[in-house]
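The values are calculated or read from the model by the stated rules, or taken from the named source; none is laboratory data. None of these values were measured; they are calculated from a predicted model. Positions of Cβ are generated from backbone atoms using ideal geometry, with glycine treated the same way; all protein chains shown enter the neighbour counts.
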């Protein structure tokens with residue numbers, strides 16, 4: 001978990017965004033670093049949520065399905081702060097379109113993006129295409145980046161990713177499947193290359209009906225004031241998302257968690273690190289449990305209680321056996337500092353050449 005949390009695709013991007021003024025005109029209600037940032041609309045209770053998502057690895061394995069997954073994750077991210085997705089923009093980054101395989105991947109990405117946008121009712125209001133991204137004939141992975149905007153009707157109902165209180169119930173909307181083949185775990189821990197991932201396949205399958213059910217359950221719960229936190233579960237899987245939800249923020253101390261996973265049909269790595277889509281980690285007061293179970297059942301979303309918040313560590317058990325027990329200060333330090341350290345080291349190395 002420590003190695004994954006420090007991987008460049010997962011580690012905090014604070015080193016980058018703190019160099020820019022994200023509080024211009026004092027409208028920012030949720031700062032960068034959450035699933036989506038939120039900007040209030042003055043003289044109203046409304047606000048706009050915004051997020052950016054991309055995954056070149058997914059689209060290298062299956063461009064159409066990868067694009068669908070990216071749009072779904074972007075929608076899920078704005079939902080996690082309490083916004084309803086309303087529109088997207090995009091930046092489609094590819095190598096030379098003169099290569100048939102690149103043009104095919106581009107066409108597949110556009111079709112996959114359209115399918116997902118139709119499902120979520122999110123028109124593409126603008127976009128950009130960037131071709132010929134190559135160095136010495138070697139092209140980048142097909143990398144569509146999706147910018148999603150969502151509308152929050154009442155800014156007072158915003159939720160954020162971090163656990164808020166000791167003793168809250170932690171639950172999962174959605175379910176975990178054996179989706180490790182094209183994951184950050186496969187790349188970082190197993191050392192799988194993109195070429196190996198393409199050869200074996202196994203990209204997570206997106207069920208758009210299930211995705212909509214999970215998102216709608218989360219939105220209704222936010223609107224009813226049932227949740228104290230909500231966090232998208234994606235890169236790095238459940239264990240990474242749980243760790244991120246434990247971390248501190250500007251106005252909140254770190255909050256630990258004790259988790260019990262009971263999916264004996266899955267391996268321990270799959271339970272912890274699979275990247276199955278359509279999952280949101282939520283926390284809430286025990287008094288909200290019955291209403292949440294009712295909402296989830298009515299809307300068709302699986303809901304599984306995972307554990308409770310509390311303490312200064314993240315503890316995860318599978319089948320009764322403890323598989324993770326990490327002090328939050330150690331995990332958070334790795335998450336916050338690793339990207340900046342890596343970039344500084346690359347600058348020093350480049351200067352020495």
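Any chance the range 223-238 includes a residue that's in contact with a strand residue (DSSP E or B) (Cβ under 8 Å, 6 or more places away or on another chain) and in a helix (DSSP H, G or I)?
Going through the range 223-238, the residues in contact with a strand residue (DSSP E or B) (Cβ under 8 Å, 6 or more places away or on another chain) turn out to be 226-233, 238.
Then keep just the ones that are in a helix (DSSP H, G or I); that gives 238.
Looking through the range 223-238, at least one residue is in contact with a strand residue (DSSP E or B) (Cβ under 8 Å, 6 or more places away or on another chain) and in a helix (DSSP H, G or I).
Considering only the range 87-123, how many residues are assigned to a loop (DSSP other than H, G, I, E, B), within 22 Å of the chain's Cα centre (by Cα) and surrounded by 16 or more Cβ atoms within 10 Å (Cβ to Cβ)?
From the range 87-123, those assigned to a loop (DSSP other than H, G, I, E, B) are 94-99, 121-123; that's our starting set.
Those left that are additionally within 22 Å of the chain's Cα centre (by Cα): 121-123.
Those left that are additionally surrounded by 16 or more Cβ atoms within 10 Å (Cβ to Cβ): 122.
Looking only at that region, the number is 1.
Output the residues belonging to the range 313-341 that are in contact (Cβ under 8 Å) with a residue 12 or more places away in the chain, assigned to a helix (DSSP H, G or I) and surrounded by fewer than 15 Cβ atoms within 10 Å (Cβ to Cβ).
The answer is 329, 330.
Looking only at the range 2-43, which residues are under 18 Å from the mean Cα position of the chain (by Cα), at pLDDT 85 or above and within 17 Å of residue 156 (Cα to Cα)?
The answer is 34, 36, 37, 38.
Scan the range 187-194 and give yes if some residue there is modelled with pLDDT of 95 or more, closer than 29 Å to residue 156 by Cα and not assigned by TED's automatic domain parsing to the domain that holds residue 66, otherwise no.
No.
Quick check, is residue 295 outside any loop (DSSP other than H, G, I, E, B), under 18 Å from residue 232 (Cβ atoms), modelled with pLDDT of 95 or more and in contact with a helix residue (DSSP H, G or I) (Cβ under 6 Å, 6 or more places away or on another chain)?
It is false that residue 295 is outside any loop (DSSP other than H, G, I, E, B), under 18 Å from residue 232 (Cβ atoms), modelled with pLDDT of 95 or more and in contact with a helix residue (DSSP H, G or I) (Cβ under 6 Å, 6 or more places away or on another chain).
Being out of contact with any strand residue (DSSP E or B) (no Cβ under 6 Å at 6 or more places or on another chain) and surrounded by 12 or more Cβ atoms within 10 Å (Cβ to Cβ) is the filter here, so list the residues in the range 15-27 that pass it.
15, 16, 18 - these are the residues of the range 15-27 that are out of contact with any strand residue (DSSP E or B) (no Cβ under 6 Å at 6 or more places or on another chain) and surrounded by 12 or more Cβ atoms within 10 Å (Cβ to Cβ).
Of the residues 137, 121, which single one is more than 30 Å from residue 328 (Cα to Cα) and at pLDDT 95 or above?
That would be 121, the only listed residue that is more than 30 Å from residue 328 (Cα to Cα) and at pLDDT 95 or above.
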